[in-house]
Structure formats: C-alpha cells, structure tokens
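Undergrad: Here's a structure for you.
The values are calculated or read from the model by the stated rules, or taken from the named source; none is laboratory data. Every value quoted in this text rests on a predicted model; they were computed, and no experiment measured them. Cβ atoms come from the backbone with ideal geometry, glycine included; neighbour counts cover every protein chain shown. Side chains are part of the model used for accessible areas, which takes the heavy atoms of the whole protein and leaves out ligands, DNA and RNA. Shrake-Rupley method; radii C 1.70, N 1.55, O 1.52, S 1.80 Å.
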Amino acid sequence: NAGVTQTPKFQVLKTGQSMTLQCAQDMNHNSMYWYRQDPGMGLRLIYYSASEGTTDKGEVPNGYNVSRLNKREFSLRLESAAPSQTSVYFCASRFGGVEQPQHFGDGTRLSIL
Amino acid sequence: DQQVKQNSPSLSVQEGRISILNCDYTNSMFDYFLWYKKYPAEGPTFLISISSIKDKNEDGRFTVFLNKSAKHLSLHIVPSQPGDSAVYFCAASEGSNAGNMLTFGGGTRLMVKP
C-alpha cells in the first residue's frame, strides 16, 4: 500500500521560478490537503479539497494555487517562488468526517534561493 | 494568533517513566482533538484522538485527557520507550467546518533516554 505519495522529495529553486508539487493517494479518500511545516510553527494549511471538483483556501494560501485533477491527485503550484516559501510541504488525505484521521505523505523539502 | 499551542518545545524522559505532553487551545468551537507523531524525514502519523464529549481516551500505552473548561489536553505515554522519541503534534477541529480542517500546534520533541 503506497498510501499518500509526494513528488519530488527534494527541490531547490531560484527566486521567481515556478514549480508544481504532486500528490497522489490510492486509498479512495474524498478529501485532500496541502500543509507547510516551518520550525516552531507546526503544520499550517495552505489549501484543501473537500471532494473532487472543489478547492478552498486554508490559513496561508497566498502565493500558491492548487488543482484537484481527479479523486486521486491534488497538486500544489508555486507560480513565482519566493525565499519565504522555503519549507517542508506535506500532502494529506482523508476518507470521511473528522473522526477519520488524515493520512500524510512523507513531504517535499523545498528550498528557494 | 495561534489557536492551538504546545508550550514545551522539547521534553526529555527516562525509559520506563511516564511522558506527559501538553496542549492548550483558545477556540471554544473545537470539538475533536488528535495527536500525531512524526519521525524525521517522514510524514506525521495518527496516534490517538478524543471527542469533546469525552474526557479520556486510552489506546495501549497512550492516553489522551481533555479538560474542556481549561481548554487543555494532554497525552500520557506509559511506559515510555526509546522508539517513542519523535515530535508530537496536537491538532484540533471544528466539526462544522467544511473539509474538517485541522489546526495544529507547534509540536513537542520527545526524547526518551535508555
């Protein structure tokens, strides 16, 4: 069982470059999420998709866009990367309501110079 | 302003003793709480949860306590083992929010010494 798969695992970008982070889940989950983790800040929600065909902003959406390509895939795009977006990005998915825990991928470590 | 806070960035405990990790929240609308465990270079993994209608939930060595009046929850690990060394995040959710979004605390790094 692959669970939640994120690609790439590591990436270095220059300021102003664009990049798409990929996420796919094979658990037939309805909801998918993108978080960023910064030291001492825990995980902060960037965008989420409650179901296929819908996306909504989370706590820190500025500078990002998302696409729920199908039920399995949820991508995160940085159109013009900035050093403040240097972070570890986690994708998660969940089948149903809050009683069902979110399952996380292993993260993408992104550095922007 | 952080709605979920873990005020202890780190905790060191001897193997076999109890580990107590604490979490405070400010949003009275939160009604479901979870603890996640995270090892380096891996994603967080779900550990245990509790609904606001309960004050305790137990799963093996892990027990979560909820004090709604104090807006405080804690995770007890008994006995602690070296393999428990990880970063622990508490998270909270409002049942009414679309997408059941989670709000996370900043994490506590637990080190269990052999």
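Undergrad: Give me the residue from segment A:1-19 that is among the polar types (S, T, N, Q) and outside any loop (DSSP other than H, G, I, E, B) and, out of that set, least open to solvent (accessible area, probe 1.4 Å). Write out each step before concluding.
TA: Initially, segment A:1-19 is screened for residues among the polar types (S, T, N, Q), giving A:1, A:5-7, A:11, A:15, A:17-18.
Next, from what is left, pick out any that are outside any loop (DSSP other than H, G, I, E, B): A:5-7, A:11.
Working: A:Thr5: 67, A:Gln6: 10, A:Thr7: 69, A:Gln11: 62 Å².
It comes out as A:Gln6.
Undergrad: Kindly state which strands (runs of 3 or more DSSP E) lie completely within segment A:20-113 and contain at least 3 residues that are within 22 Å of B:Ser93 (Cα to Cα). Reasoning before the result, please.
TA: Details: elements: A:31-38, A:42-49, A:64-68, A:74-78, A:87-94, A:108-112.
Hits in segment A:20-113: A:31-38, A:42-49, A:87-94.
Undergrad: Would you say A:Ile112 is in contact with a helix residue (DSSP H, G or I) (Cβ under 6 Å, 6 or more places away or on another chain) and either within 28 Å of A:Lys14 (Cβ to Cβ) or at pLDDT below 95 (or both)?
TA: yes
Undergrad: Any residue in segment A:94-105 that's facing chain B (nearest Cβ under 7 Å) and without any contact (Cβ under 8 Å) to a residue 12 or more places away in the chain: show its pairings with residues that are of a type in the set (S, T, N, Q) and assigned to a loop (DSSP other than H, G, I, E, B) at Cβ separation under 7 Å, as long as the two are six or more apart or on different chains.
TA: Qualifying pairs under 7 Å: A:Gly97/B:Asn100; A:Val98/B:Asn100.
Undergrad: Anything in segment A:75-93 that is open to solvent by less than 50 Å² (accessible area, probe 1.4 Å) and either more than 9 Å from every other protein chain (Cβ to nearest Cβ) or more than 11 Å from the chain's Cα centre (by Cα) (or both)? List them, or say none. Even if it seems obvious, please write down each step before you answer.
TA: Step one: list which residues in segment A:75-93 are open to solvent by less than 50 Å² (accessible area, probe 1.4 Å), which gives A:75-76, A:78, A:81-82, A:85, A:87-93.
Correct list: A:Ser75, A:Leu76, A:Leu78, A:Ala81, A:Ala82, A:Gln85, A:Ser87, A:Val88, A:Tyr89, A:Ser93.
Undergrad: Another question, if that's okay. Which ones in segment B:1-56 are open to solvent by less than 30 Å² (accessible area, probe 1.4 Å) and of a type in the set (Phe, Trp, Tyr)?
TA: B:Tyr25, B:Phe30, B:Tyr32, B:Phe33, B:Trp35, B:Tyr36
Undergrad: Could you tell me which residue of segment A:48-74 is nearest to the other protein chains (Cβ to nearest Cβ), considering only residues that are open to solvent by 10 Å² or more (accessible area, probe 1.4 Å) and in contact (Cβ under 8 Å) with a residue 40 or more places away in the chain?
TA: A:Lys71
Undergrad: Which condition breaks for A:Asp26 when tested against (1) closer than 25 Å to B:Leu34 by Cα; (2) surrounded by 14 or more Cβ atoms within 10 Å (Cβ to Cβ); (3) charged (D, E, K, R)?
TA: Tallying (1) closer than 25 Å to B:Leu34 by Cα; (2) surrounded by 14 or more Cβ atoms within 10 Å (Cβ to Cβ); (3) charged (D, E, K, R), A:Asp26 fails exactly one: (2).
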